[in-house]
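**Q** Let me give you the structure first, and then I'll get to my questions.
The values are calculated or read from the model by the stated rules, or taken from the named source; none is laboratory data. Bear in mind that the values here come from a model prediction, so they are computed numbers and not experimental data. Cβ coordinates were reconstructed from backbone atoms using ideal geometry, including for glycine residues, and neighbour counts include every protein chain displayed. Ligands, DNA and RNA are excluded from the accessible area calculation, which covers all protein heavy atoms including side chains. Shrake-Rupley method; radii C 1.70, N 1.55, O 1.52, S 1.80 Å.
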Amino acid sequence: MKPRLLLATGNSGKLAEFRALLSQTPFELLDLSAFPELRLPEEGDDYRANAVAKAQHASRQSGLPALADDSGLEVRALGGAPGPHSARYGGPGLDARGRVNRLLAELGPGGERRARFVCFVALALPDGSLRLRRGVCEGRLLEAAAGDAGFGYDPIFQPEGHTVSMAQLEAAQKNRISHRARAIADLKPALLELAEGRNDKRVR
Ligand code: ITT
């Protein structure tokens, strides 16, 4: 029987990426639809603490190893905002396109447009142990949204070394360069140890 891993996210865009990024691992990948009672904790303003809280809560509630991420877009001209508040930027009335438009309006045309996506990924095991990894994707903000792939701020983010937005890349291309891909790549050895039953209990 395959070892099971719970992907603890309510964001369908992230979930699709996790599934693709982990497709070559030995796990049976479950998502929160398998645990309808499970609610992820409210989030604060620290990626690391948020990722750990989500993964630990999901692992405790399900009895399974659980993977969660906390991520966001950091805009240099806005002092790193919206950062860990990216999902809630502009208030609860906005959808993803509304948040994108709000950000473009706040930034205005031209000027300093450097930005980066940041992702902290946490793996929590039922024995209480924890693995945490970080991934970053540098780039700049476009002046108008372009493309339909991906999710969130992808239509206005142009990754370094590319001439189109993240939302104009194929999913497989995004999954080679994204902040989430980098964090997961770094976590792979720990995931393989877990799959082989070799995980020790140290917190690393
Ligand atoms: P879960 O907590 O259920 O995983 P969430 O969307 O609330 O889902 P976060 O609090 O980590 O997750 O918010 C991350 C937000 O940052 C996300 O909603 C997007 O707005 C943005 N974001 C993160 N990664 C992104 C990516 O790869 N592409 C575009 N936007 C991204």
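**Q** Check Asp45, Asp69 and return the single one that is within 10 Å of the ligand (Cβ to nearest atom) and either open to solvent by less than 60 Å² (accessible area, probe 1.4 Å) or farther than 21 Å from Ser178 by Cβ (or both). Reasoning before the result, please.
**A** On the way: Asp45 fails: within 10 Å of the ligand (Cβ to nearest atom).
Answer to the selection: Asp69.
**Q** Go through segment 17-36 residue by residue and tally those that are within 11 Å of the chain's Cα centre (by Cα) and more than 9 Å from the ligand (Cβ to nearest atom).
**A** The qualifying residues number 1.
**Q** Give the residues of segment 72-101 that are in a loop (DSSP other than H, G, I, E, B), within 11 Å of the ligand (Cβ to nearest atom) and open to solvent by 40 Å² or more (accessible area, probe 1.4 Å), sorted by residue number.
**A** If we filter segment 72-101 for residues that are in a loop (DSSP other than H, G, I, E, B), which is where we start, we get 79-81, 84-85, 89-95.
Those left that are additionally within 11 Å of the ligand (Cβ to nearest atom): 84-85, 89-90, 94-95.
Within segment 72-101, His85, Leu94, Asp95 qualify.
**Q** In this structure, does Arg113 turn out to be in contact with a Gly (Cβ under 6 Å, 6 or more places away or on another chain) and over 30 Å from Leu5 (Cα atoms)?
**A** Working: in contact with a Gly (Cβ under 6 Å, 6 or more places away or on another chain): no; over 30 Å from Leu5 (Cα atoms): yes.
Taking the combined requirement at face value, the residue does not satisfy it.
**Q** With (1) of a type outside the set (A, V, I, L, M); (2) in contact (Cβ under 8 Å) with a residue 40 or more places away in the chain; (3) more than 12 Å from the ligand (Cβ to nearest atom) as the list, and Gly135 as the residue in question, which single condition is left unmet?
**A** (3)
**Q** Moving to a separate point now. Just to check your reading of the model, which residue among Ala68, Ala53 is touching a strand residue (DSSP E or B) at 6+ places or on another chain (Cβ under 6 Å) and closer than 17 Å to Leu132 by Cα?
**A** On the way: Ala53 fails: touching a strand residue (DSSP E or B) at 6+ places or on another chain (Cβ under 6 Å).
Answer to the selection: Ala68.
**Q** What is the one condition in (1) farther than 13 Å from Leu125 by Cβ; (2) within 15 Å of the ligand (Cβ to nearest atom); (3) surrounded by 14 or more Cβ atoms within 10 Å (Cβ to Cβ) that Ser59 does not satisfy?
**A** If we test Ser59 against (1) farther than 13 Å from Leu125 by Cβ; (2) within 15 Å of the ligand (Cβ to nearest atom); (3) surrounded by 14 or more Cβ atoms within 10 Å (Cβ to Cβ), just (1) comes out false.
**Q** If we scan segment 115-130, do we find a residue that is of a type in the set (S, T, N, Q) and within 15 Å of the ligand (Cβ to nearest atom)?
**A** Looking only at segment 115-130, we keep the residues that are of a type in the set (S, T, N, Q), and these are 129.
This time we only want the ones that are within 15 Å of the ligand (Cβ to nearest atom), so: none.
Within segment 115-130, none of the residues are of a type in the set (S, T, N, Q) and within 15 Å of the ligand (Cβ to nearest atom).
**Q** Run Ala49 past the list (1) assigned to a loop (DSSP other than H, G, I, E, B); (2) free of Cβ contacts under 8 Å to residues at least 60 places away in the same chain; (3) within 30 Å of Glu196 (Cβ to Cβ) and report the number of the one that doesn't hold.
**A** (1)
**Q** Being out of contact with any His (no Cβ under 7 Å at 6 or more places or on another chain), surrounded by fewer than 22 Cβ atoms within 10 Å (Cβ to Cβ) and not small (Gly, Ala, Ser): is that true of Leu30 here?
**A** Numbers: out of contact with any His (no Cβ under 7 Å at 6 or more places or on another chain): yes; surrounded by fewer than 22 Cβ atoms within 10 Å (Cβ to Cβ): yes; not small (Gly, Ala, Ser): yes.
For Leu30, the condition - out of contact with any His (no Cβ under 7 Å at 6 or more places or on another chain), surrounded by fewer than 22 Cβ atoms within 10 Å (Cβ to Cβ) and not small (Gly, Ala, Ser) - is met.
**Q** Is it true that some residue in segment 159-170 is surrounded by 15 or more Cβ atoms within 10 Å (Cβ to Cβ), touching a helix residue (DSSP H, G or I) at 6+ places or on another chain (Cβ under 8 Å), touching a residue at least 60 places away in the same chain (Cβ under 8 Å) and closer than 24 Å to Leu132 by Cβ?
**A** no
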